[in-house]
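A.B. asks: Quick one: the structure is below, questions incoming.
The values are calculated or read from the model by the stated rules, or taken from the named source; none is laboratory data. Everything numeric here is computed off the predicted structure, so don't read it as measured data. Here the Cβ positions follow ideal geometry from the backbone for every residue, glycine too, while neighbour counts run over all protein chains shown. Just so you know, the surface numbers come from the protein's heavy atoms only, side chains and all, with ligands and any DNA or RNA stripped out. Shrake-Rupley method; radii C 1.70, N 1.55, O 1.52, S 1.80 Å.
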Amino acid sequence: MELKLKPEEIRNDLVKKVEELAGVNVFACYQCGKCSSGCPSVPYMEILPNQVLRLLQFGKVERILRTNTHWVCASCFVCSTRCPKDIDIAAIMEALRQIELRKNQDYLIVRRIDTEEMKEFPPIALVSAFRKLTA
Ligand code: SF4
Ligand code: SF4
């Protein structure tokens, strides 16, 4: 027996939220892997950008949110420029971060950063990290 689900049967509320925030259709992805092969953050990611897309196609947003991938993403847009289907993967990563941050859950706990260590970081890196990783 062949079991085929249509996108509208899989598109749960969280998938819809990601698509709405990122302005993408996750079902356009055909898993060519070009996004992951150009991504500079892959060595630090628990799952790859193309795997994020595949899990979205299965409606498994919570599964993605349990990984570090969207936090480790450097927002460099390489994936978005390489995608032959014009999917803005960088915007998907931002949407996933927004879903978490809108629950007022910071990924970066500022008070846990060592003050001496903080002096070593370039100010622009700190500003960027605070903007991206805190609610
Ligand atoms: S490059 Fe685009 S089509 Fe290819 S796997 Fe990544 S998101 Fe999917
Ligand atoms: S935007 Fe994020 S996911 Fe895309 S290539 Fe850059 S680091 Fe990787």
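A.B. asks: Taking C-beta distances below 4.7 angstrom as the pairing criterion, name the unpartnered cysteines of the chain, in sequence order.
C.D. replies: Singleton cysteines: 29, 32, 39, 73, 76, 83.
A.B. asks: Moving on. What ³J(HN,Hα) values, in whole Hz, does the Karplus curve 6.51 cos²θ - 1.76 cosθ + 1.60 give for the range 95-104 when θ = phi - 60°, with x put for Gly and Pro?
C.D. replies: Once rounded to whole Hz, the list reads 4, 5, 5, 4, 4, 6, 5, 5, 8, 6.
A.B. asks: A further question on this structure: If you take every residue apart from residue 75 with its C-beta less than 9 Å away from the C-beta of residue 75, what net charge results, scoring Lys and Arg +1 and Asp and Glu -1?
C.D. replies: Numbers: positive: 132; negative: 94.
Result for the neighbourhood of residue 75: 0.
A.B. asks: Continuing with this model, one more query. Before I look further, what does the chain give for accessible area per residue, probe 1.4 Å, in whole square angstrom? Walk me through the numbers on the way to the answer.
C.D. replies: Working: 8480 Å² over 135 residues.
Per residue, the chain has an accessible area of 63 Å².
A.B. asks: For residue 132 and residue 8, what does the FRET efficiency come to when R0 = 30 Å and r is the distance between their Cβ atoms, rounded to the nearest 0.05? Intermediate values should be presented prior to the final figure.
C.D. replies: Details: r = 32 Å, r/R0 = 1.08.
Calculated transfer efficiency: 0.40.
A.B. asks: Here is a follow-up. In terms of Cα to Cα distance under 27 Å, which lysines are near enough to residue 119, apart from those fewer than 8 places away along the same chain?
C.D. replies: 132
A.B. asks: At a 1.4 Å probe radius, carbon and sulfur cover how many percent of the accessible area of the chain? Could you put the intermediate results ahead of the total?
C.D. replies: Numbers: 4420 of 8480 Å².
Result for the chain: 52 percent of the exposed heavy-atom area is carbon or sulfur.
A.B. asks: Across the chain, what fraction of all alpha-carbon pairs, as a whole percent, falls in each successive 10 Å bin from zero upward?
C.D. replies: So the P(r) values, bin by bin, are 12, 40, 31, 13, 3, 1, 0.
A.B. asks: Give or take rounding to whole Å, what are the principal axis extents of the alpha carbon atoms in the range 8-55, in descending order?
C.D. replies: Extents along the principal axes, in whole Å: 32, 19, 17.
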